[in-house]
1. Can you find, within region 60-84, the residue that is modelled with the lowest pLDDT among those that are surrounded by 12 or more Cβ atoms within 10 Å (Cβ to Cβ), closer than 22 Å to PRO44 by Cα and of a type outside the set (A, V, I, L, M, F, W, C)?
2. So PRO98 fits all but one of (1) modelled with pLDDT of 85 or more; (2) surrounded by 10 or more Cβ atoms within 10 Å (Cβ to Cβ); what number is the exception?
Amino acid sequence: MADPITALISAFQEDIVRIVKAVAVGLAVAAATVVGAGSVAAEPEQKENIYIDVNVLGCSFGAGLGGDVLVALGGGSGSSALVSSSLAARMRAAGCLPQL
């Protein structure tokens with residue numbers, strides 16, 4: 001029969017090995033995420049100039065995009081604004097802007 005102390009030490013060592021493996025996997029995933037994000041961040045996002053009237057503004061608020069549109073409009077001049085292509089795509093998907 002095995003000594004109870006030896007069995008406890010063996011179980012403890014197995015737990016430590018599992019923890020070290022889990023930490024190593026977590027660090028590898030984190031490193032891969034950082035590398036992937038860095039390559040995406042290197043590409044500048046394209047901008048689109050859109051004209052905003054009452055209908056577009058009302059539609060964007062209804063679609064939950066009003067805050068983003070107001071921020072873009074604050075940086076624009078008059079009724080036109082330079083917005084990211086992703087915001088323009090979301091507005092087109094919501095039906096607020098005509099399809100290209």
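The values are calculated or read from the model by the stated rules, or taken from the named source; none is laboratory data. Small disclaimer: the values here were computed from a predicted structure and weren't measured. So basically every Cβ, Gly included, is an ideal-geometry build from the backbone, and we count neighbours across all protein chains shown.
1. GLY76
2. Just one mismatch for PRO98, condition (2).
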